[in-house]
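Q: Okay, here's the structure, questions in a sec.
The values are calculated or read from the model by the stated rules, or taken from the named source; none is laboratory data. Since we're looking at a predicted model, the values are computed, not measured. No Cβ is skipped: glycine too gets one built from the backbone with ideal geometry, and neighbour counts run over all protein chains shown. Each accessible area value is taken on the protein alone, full model and side chains, heavy atoms only, with ligands, DNA and RNA left out. Shrake-Rupley method; radii C 1.70, N 1.55, O 1.52, S 1.80 Å.
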Amino acid sequence: MKAPACYQVTFECPESQREQLYAILALMPVLGTEESDDTIVAYFQWEGTAEQLLSALSEHLTAMPGIVLHYPEQYQEQDWYRRWIGTLQPIIVSDRIAVVPPEVDTALDRPITLTISHRATFGTGQHATTQLCLQLLENIVAPGQQWLDAGTGTGILAIAIARLGARGVIAVDSDPAAIAEAEENARNNGVQNIEFFCADLLSFPFPSVDGVVANLYLHLHQQLLPQYERALATGGHLICSGVLQQDQAELVALLRQHRFEPVEIRERQNWIAVWSRKQ
Ligand SMILES: C[S@@+](CC[C@H](N)C(=O)[O-])C[C@H]1O[C@@H](n2cnc3c(N)ncnc32)[C@H](O)[C@@H]1O
């Protein structure tokens, strides 16, 4: 098999479509991204040719005509990595929570500062949906609770829940690379009460918990709602994100079909996170 090469691709992307572009990039083997006023440059590790990468990207972007895609250029990984490290910044989520990449040496006055690695796994803290979930969790998680993080990615939400005082967290992802990265992130944050499982949520036996956070996508929420319903007792907390604002009514209707009543809906850059409680 051909060794993967490193490519950089420049996207000219209006502000209004940035979050959608990031959501698409999260599905691809992206090492990292750099943002400027008009462009996003994404760095890929790719086993095929530049033409195949271009064609895979073009297929994902057919519904987004506002984005102009440049031809992939090959680069030396070391050059990019050194430049990219220099662009990383802490992410301030709220008065209490911040997320910092391990390469950034900074002192922040946020009591919950999470050190989360920036590799190919989703959940660096940059995405609006992750930030919305963190802001909701901050107000909901109480000491002694047991939570389930469905689709943990880097483990960012599970680690935040543990740092907010939960008794334990079960964190599930179907991607073995994500679980390995999440376990490393948990160790780096000194958190020991998270149990990680590499499994498909659709066949994972959800245990009884006090809260479920699921930053996934609408269709998967639809399929998982019977499991959320079984896992939570009356009053139990459910946070669903990864859903666009235009799909809010559909998500709320699905939640109500499964005995969940929305308590708070947060929105950022066209994405929503819905906190609901089991009736
Ligand atoms: C949008 S990311 C969320 C990551 C992190 N929780 C956050 O909020 O930033 C969704 C994660 O769910 C995982 N995932 C998607 N479908 C899944 C499934 N059927 N079973 C288990 N994990 C799944 C993906 O691998 C990905 O890591």
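Q: For segment 1-86, what is the convex hull (Cα atoms) projected area averaged across all directions, in square nanometres? Spell out each step's value before the answer.
A: Working: hull surface 22.3 nm².
Across all orientations, segment 1-86 yields a mean hull projection of 5.6 nm².
Q: If you count only protein heavy atoms with a 1.4 Å probe, what accessible area per residue comes out for segment 19-139, rounded to a whole Å²? Walk me through the numbers before you get to the answer.
A: Details: 5990 Å² over 121 residues.
Per-residue accessible area for segment 19-139 comes out at 49 Å².
Q: Note the full-extension length gain between Arg167 and Ala180 as 0.36 nm times their separation in residues minus their Cα-Cα distance, in nm to one decimal. Spell out each step's value before the answer.
A: Values: separation 13, 0.36 × 13 = 4.68 nm, distance 2.21 nm.
Gain on stretching Arg167 to Ala180: 2.5 nm.
Q: Another question, then. Kindly give Rg over Rh for segment 3-46, based on alpha-carbon atoms, with the Kirkwood expression for the hydrodynamic radius.
A: Working: Rg = 10.5 Å, Rh = 10.7 Å.
Reported Rg/Rh, Kirkwood definition of Rh: 0.98.
Q: Moving on. According to the Cα gyration tensor, what semi-axes, each the square root of 5 times an eigenvalue, does the equivalent ellipsoid of the chain have, listed from largest to smallest in whole Å?
A: Values: eigenvalues 199, 94, 62 Å².
Whole-Å semi-axes of the equivalent ellipsoid: 32, 22, 18.
Q: State the percentage of accessible surface on the chain attributable to carbon and sulfur atoms; use a 1.4 Å probe and exclude ligands, DNA and RNA. Please list the in-between numbers first.
A: Values: 6070 of 12760 Å².
The value for the chain is 48 percent carbon and sulfur by accessible area.
Q: Place a +1 charge on the Cβ of each Lys and Arg in the chain and a -1 charge on the Cβ of each Asp and Glu, then give the dipole magnitude about the Cα centre in debye, rounded to the nearest 20.
A: Values: 17 positive and 33 negative charges, 199 e Å.
Once rounded to the nearest 20, the dipole reads 960 debye.
Q: What do you get for the angle between helix 128-140 and the principal long axis of the chain? Use alpha-carbon atoms, 0 to 90 degrees, nearest ten.
A: 20
Q: Between Asn139, Asn193, Asn185, where does the largest GNM mean-square fluctuation fall for the chain, given springs only between Cα atoms within less than 10 Å?
A: Asn139
Q: Kirkwood-based Rg over Rh for segment 207-252 (C-alpha set), two decimals? Don't skip to the answer; put the middle values down first.
A: Numbers: Rg = 10.7 Å, Rh = 11.0 Å.
In segment 207-252, Rg relative to Rh is 0.97.
Q: Taking N as the number of residues in segment 136-279, what is its alpha-carbon radius of gyration divided by 2.2 N^0.38 Å?
A: On the way: Rg = 14.1 Å, N = 144, 2.2 N^0.38 = 14.5 Å.
Ratio of Rg to 2.2 N^0.38 Å for segment 136-279: 0.97.
Q: Now for a separate question. Given the DSSP H assignment, sum -39500 (n - 2.57) over each helix run of at least 4 residues in the chain and divide by its residue total; what's the result at 222 nm in deg cm²/dmol, nearest 500?
A: Working: 8 runs with 86 residues, N = 279.
Value at 222 nm, helices only, nearest 500: -9500 deg cm²/dmol.
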